[in-house]
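What follows is a set of notes on a single structure, which appears directly below.
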Amino acid sequence: MANFQNSTSTEARYFAALVPLVNCLRLVINGLSLVKDDGLIKSVTREGNPKELLRGPLYYVLMLILSALVFWRDSPVGVISLSMMCGGDGVADIIGRRFGSMKIFYNEKKSWAGSISMFVFGFLVSIGMLYFYSILGYYQLDWIETLQRVALVSLVATVIESLPITEVVDDNISVPLASMVAAYLSFGY
Ligand SMILES: C/C(=C\COP(=O)(O)O)CCC[C@H](C)CCC[C@H](C)CCCC(C)C
Ligand SMILES: Nc1ccn([C@@H]2O[C@H](COP(=O)(O)OP(=O)(O)O)[C@@H](O)[C@H]2O)c(=O)n1
């Protein structure tokens with residue numbers, strides 16, 4: 001019998017990835033209108049169009065699956081990249097919509113308020129999650145170095161998120177992938 005209960009086991013990451021995988025399937029079957037979950041569509045889409053589920057939300061859960069399978073609890077890269085997507089990009093949307101009157105000169109759709117909040121909250125959520133995981137004994141981190149490295153990753157994620165590339169690649173893909181590359185180069189594992 002596979003040892004799912006032990007988070008250090010190889011099987012654990014596959015077991016954990018089942019949760020976003022189930023949600024991935026929910027998004028796909030509702031996005032293709034094979035079924036109609038009004039609660040899901042109302043809570044996750046902006047205009048109530050089921051097809052919206054196949055973009056931002058789907059990319060979001062695919063990144064959750066990727067981080068769980070590739071990085072799991074062994075590397076800080078997965079935690080940091082998800083913190084940038086969930087904590088940084090998520091707050092940038094909220095703050096930017098409300099306080100984003102000063103637009104970024106190279107991207108009229110994004111604002112300084114949104115990008116600054118992306119940097120700050122991406123950094124804070126990352127550090128908070130790394131601290132939590134270090135208390136659990138998953139990582140032994142040099143915190144002076146870690147603060148500097150996470151600040152660098154947050155800056156990279158913030159710049160990528162601010163670029164006018166959403167029409168080409170959704171920021172639920174570009175932000176976590178850029179964060180993964182920057183974090184892997186910074187932390188080395
Ligand atoms: C609304 C969502 C993404 C839209 O992003 P954007 O287009 O506004 O940039 C998220 C959709 C979530 C999905 C329906 C269910 C996710 C389940 C997952 C296991 C929850 C874990 C989240 C945790 C914070 C890692
Ligand atoms: N850096 C940012 C990010 C978002 N925003 C605001 O939040 C809205 C949604 O941002 P977005 O298109 O990146 O949406 P998500 O798909 O990331 O949630 C934008 O149209 C802006 O009004 C901002 O002002 N500055």
Of the residues in segment 35-56 that are open to solvent by 90 Å² or more (accessible area, probe 1.4 Å) and among the acidic types (Asp, Glu), the one that is nearest to ligand 2 (Cβ to nearest atom) is Glu47
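Yes or no, residue by residue, for (1) modelled with pLDDT under 95; (2) of a type outside the set (Lys, Arg); (3) loosely packed, with under 14 Cβ neighbours inside 10 Å:
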position: Asn3; (1), (2), (3): yes, yes, yes
position: Phe15; (1), (2), (3): yes, yes, no
position: Pro20; (1), (2), (3): no, yes, no
position: Ser33; (1), (2), (3): no, yes, yes
**Prompt:** Does segment 92-99 contain any residue that is touching a strand residue (DSSP E or B) at 6+ places or on another chain (Cβ under 8 Å), open to solvent by 20 Å² or more (accessible area, probe 1.4 Å), assigned to a helix (DSSP H, G or I) and assigned by TED's automatic domain parsing to the domain that holds Ser126?
**Reply:** yes
Flagged in segment 106-147 as more than 16 Å from ligand 2 (Cβ to nearest atom) and not in a helix (DSSP H, G or I), in numbering order, are Leu136, Gly137, Tyr138, Tyr139, Gln140, Leu141, Asp142
> over 27 Å from Leu27 (Cβ atoms), out of contact with any Gly (no Cβ under 6 Å at 6 or more places or on another chain), open to solvent by 50 Å² or more (accessible area, probe 1.4 Å) and among the β-branched types (Val, Ile, Thr): does that describe Ile135?
Replying inline: yes
Exercise. Evaluate the following for Ser134: is it hydroxyl-bearing (Ser, Thr, Tyr) and over 13 Å from the mean Cα position of the chain (by Cα)?
Key: yes
Within segment 66-85, the count of residues that are surrounded by 18 or more Cβ atoms within 10 Å (Cβ to Cβ), touching a helix residue (DSSP H, G or I) at 6+ places or on another chain (Cβ under 7 Å) and assigned to a helix (DSSP H, G or I) comes to 12
Checked segment 45-91 for anything within 10 Å of ligand 1 (Cβ to nearest atom), without any contact (Cβ under 8 Å) to a residue 60 or more places away in the chain, of a type in the set (A, V, I, L, M) and closer than 21 Å to Asn30 by Cβ; matches are Leu53, Leu58, Val61, Leu64, Ile65
The correct count of residues that are open to solvent by 70 Å² or more (accessible area, probe 1.4 Å), of a type in the set (Asp, Glu) and farther than 17 Å from Ser75 by Cβ in segment 140-189 is 1
Reported set for segment 100-117 where residues are more than 15 Å from ligand 1 (Cβ to nearest atom), in contact with a strand residue (DSSP E or B) (Cβ under 9 Å, 6 or more places away or on another chain) and open to solvent by 20 Å² or more (accessible area, probe 1.4 Å) is Ser101, Met102, Lys103, Trp112
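The values are calculated or read from the model by the stated rules, or taken from the named source; none is laboratory data. Just so we're clear, the structure is a prediction, and the values are computed from it rather than from any experiment. Note that each Cβ is placed from the backbone with ideal geometry, even for glycine, and that neighbours are counted across all protein chains shown. What goes into the accessible areas is simple: the full protein's heavy atoms, side chains included, and nothing from ligands, DNA or RNA. Shrake-Rupley method; radii C 1.70, N 1.55, O 1.52, S 1.80 Å.
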